[in-house]
Amino acid sequence: MTSISFRFYSDGTLYGIRFGNIYGTHRLDGPATQSFHENGSLNFQYFCINGKCHRIDGPAHQTFLSNGAIFMQTYIINGKCHRIDGPSVQQFYPDGQINYQAYSINNKYHRLNGPAKQTFDELGISYNKEYYINHIQISYTHLLSLKLKFLILIKNFIHTLHVHKKQKARAEHIVMQEHFFNPDNKNGEFEKIQ
């Protein structure tokens, strides 16, 4: 059973809407909680399922300024800050310029190709960068070292596969030659080798 509750400002304008079930805040077809500024514009919204923030196709939490501009958005799956294809948390200046961003997977700061957390000034220049792998903070130099080691590991793995493929092809070629030039094979037909 789904319940809907409303809250109002003292002047009677709508302050918020909350959908829920026995497990907590819950709605499948839209935001489960919405709050509004006194001017009626959206203040924030949460997408939740069974009491946990959750949304697969966009940010599960968004906060807006009274003029409608987005202030912050967070990608959350099953109650955990999580996004694979971009920053999981973004905060913006009033003009829409990025202020802060963080990359998280399963509620852990994590990014291999750049800083997992960074802050920007109003001109868009990053002035604070923090690097994390699986929620462990590392230096930029350490990140580059790990990338180099990983690339060497991949190169060696590909080389091993290539060598194995060549050895297999050479072994098949030798078997075919032995069979073809076998003096007992008068008509040149191949026999099934067991």
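The values are calculated or read from the model by the stated rules, or taken from the named source; none is laboratory data. In this text, all values refer to a predicted model and were calculated from it rather than measured experimentally. Cβ placement follows ideal geometry from the backbone for every residue including glycine, while neighbour counts extend to all protein chains displayed. Keep in mind that these areas ignore ligands, DNA and RNA; they rest on the heavy atoms of the full protein, side chains included. Shrake-Rupley method; radii C 1.70, N 1.55, O 1.52, S 1.80 Å.
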Legend entry - 5 angstrom amide H check on Phe71, placed H, neighbours 5+ away: Thr63, Phe64, Leu65
Inset, instruction - Note down the magnitude of the dipole of the stretch 55-128 about its Cα centre, charges +1 on Lys and Arg C-beta and -1 on Asp and Glu C-beta and zero elsewhere, to the nearest 20 debye. - result: 400
Legend entry - Dipole axis of the chain (+1 Lys, Arg; -1 Asp, Glu on Cβ), positive-most option in Gln167, Ile98, Leu143: Gln167
Legend entry - Alpha-carbon centroids, the stretch 64-104 and the stretch 27-45: separation in whole Å: 16
Inset, instruction - Apply the Debye scattering formula to the stretch 1-154, with a single equal point scatterer on each alpha-carbon and no solvent, then give log10 I(q)/I(0) at q = 0.11, 0.17 Å⁻¹. - result: -0.55, -1.01
Legend entry - Mean accessible surface per residue for the chain, computed with a 1.4 Å probe while every protein chain stays in place, in Å²: 69
Inset, instruction - Could you size up the charge dipole of the chain around its Cα centre, putting +1 on the beta carbon of Lys and Arg and -1 on that of Asp and Glu, and report it in debye to the nearest 20? - result: 640
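Between Phe150 and Asn50, what is the FRET efficiency for a Förster distance of 41 Å, r being their Cβ-Cβ separation, to the nearest 0.05?
For R0 = 41 Å, the calculated efficiency reads 0.60.
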